[in-house]
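The values are calculated or read from the model by the stated rules, or taken from the named source; none is laboratory data. Please read these numbers as outputs of a predicted model, since none were measured by experiment. Here the Cβ is made from the backbone with ideal geometry for all residues, glycine too, and neighbour counts use every protein chain on show. What goes into the accessible areas is simple: the full protein's heavy atoms, side chains included, and nothing from ligands, DNA or RNA. Shrake-Rupley method; radii C 1.70, N 1.55, O 1.52, S 1.80 Å.
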Amino acid sequence: MNRKMMIAGNWKMNGLSAEGIGLAKEIAAKVKQKKRTCEFVVCPPFTLLNLVKKALRGSKIALGAQDCHFAEKGAHTGDISPVMLRDLGCEYVILGHSERRADHKESSALVAKKVEAAHNCWLKTIVCVGETLEQRESGKTIEVCSRQVRESLPEGSRAANVVVAYEPVWAIGTGKTPTPQEVEDVHAAIRQVLAKKIGKSEAAKMRILYGGSVKPANAKEMLTLEDVDGALIGGASLKADDFIAISDNAGC
Ligand code: PGA
């Protein structure tokens, strides 16, 4: 199956104006020199979306946000709606990241509502799933990730509007990673769940990214696996050289 690789940067809560603009411009300049066999996405914090959008002008890099509310508008102090993201020029939104599931008690049911709302205004979603260390150690990895995929994807999820990201919680920002075989096993299991949920042919087309301590040094072994269709990169996406080196090592 010919799935287009995706290299996505999750900047999390990092960067002030000048840094954000600088990083976006540096990434855009480096991506411009590539053959563009892959899709590049950067997901800055809300405060930088507009500035980064301008800095990326003329590049083929897509803009993504890191979360949104499920409502279109209304009395939700501090929240941002999917329509607002669309209005700012976002193409993607990350939903269900483990930091949101943990810090903001987001359930898969809530994530599904957000995903549906995002799709309703033509945003594509990067939907994150992943087990904690405790769940891994008790042999529940596949069960937990399968359930999160089933419960976080609403009706209408298709390869054209959803990218799944498998991110073991214990691998995020820790420098630890599962073995390539463990990653491949979880990705294959997720694809089976997808096949049941959205049908075999859509499941075969849907991209499943790996995330969690992806670095230039491990990108090749993690990102060239059969069922791995790219990476969601946190820490290493804040350095243009590392972000690009990861894409190089992934064959982009
Ligand atoms: P990391 O984060 O690359 O810093 O481990 C990945 C993520 O949380 O998306």
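Computed values, structure above
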{"read-out": "Whole-percent carbon and sulfur share, accessible surface of the stretch 162-237, 1.4 Å", "value": "52"}
{"read-out": "Extension reserve of the TRP122-ASP79 stretch, reckoned as 0.36 nm per residue once the Cα distance is removed", "value": "13.6 nm"}
{"read-out": "Sequence ranges 205-216, 236-247, 72-83, ranked by mean other-Cβ count within 10 angstrom, highest first", "value": "205-216, 236-247, 72-83"}
{"read-out": "Mean projected area (nm²) of the alpha-carbon convex hull when the stretch 132-252 is viewed from all directions", "value": "7.3"}
{"read-out": "5 Å binning of all Cα-Cα separations within the stretch 94-157, expressed as whole percents from 0 upward", "value": "4, 19, 28, 23, 15, 7, 3, 1"}
{"read-out": "The chain: relative contact order as a whole-number percent, Cα under 8 Å and 6+ apart", "value": "21"}
{"read-out": "Accessible solvent surface per residue of the stretch 6-249, calculated while the other protein chains remain in place, 1.4 angstrom probe, Å²", "value": "46"}
{"read-out": "Peptides 98-105, 220-227 ordered by average Cβ neighbours within 10 Å, highest first", "value": "220-227, 98-105"}
{"read-out": "Paired Rg and Dmax values of the stretch 6-249, which use every Cα atom, in angstrom", "value": "16.7, 48"}
{"read-out": "Cys residues of the chain counted as unpaired, since no other Cys beta-carbon is under 4.7 Å", "value": "CYS43, CYS68, CYS90, CYS121, CYS128, CYS145"}
{"read-out": "For the stretch 173-230, alpha-carbon Rg relative to the globular expectation (2.2 N^0.38 Å, N residues)", "value": "1.18"}
{"read-out": "Other-chain or far-sequence residues with amide H under 5 Å of ALA165's (modelled H)", "value": "VAL127, CYS128, VAL129, LEU209"}
{"read-out": "Volume in Å³ per residue [convex hull over Cα atoms, computed for the stretch 7-92]", "value": "86"}
{"read-out": "D_trans [Stokes-Einstein, Kirkwood Rh over alpha-carbon pairs] for the stretch 27-145, 20 °C, 1.002 mPa s, µm² s⁻¹", "value": "137"}
{"read-out": "Choice from VAL144, VAL228, VAL41 with maximal GNM fluctuation in the chain (Cα, 10 Å cutoff)", "value": "VAL144"}
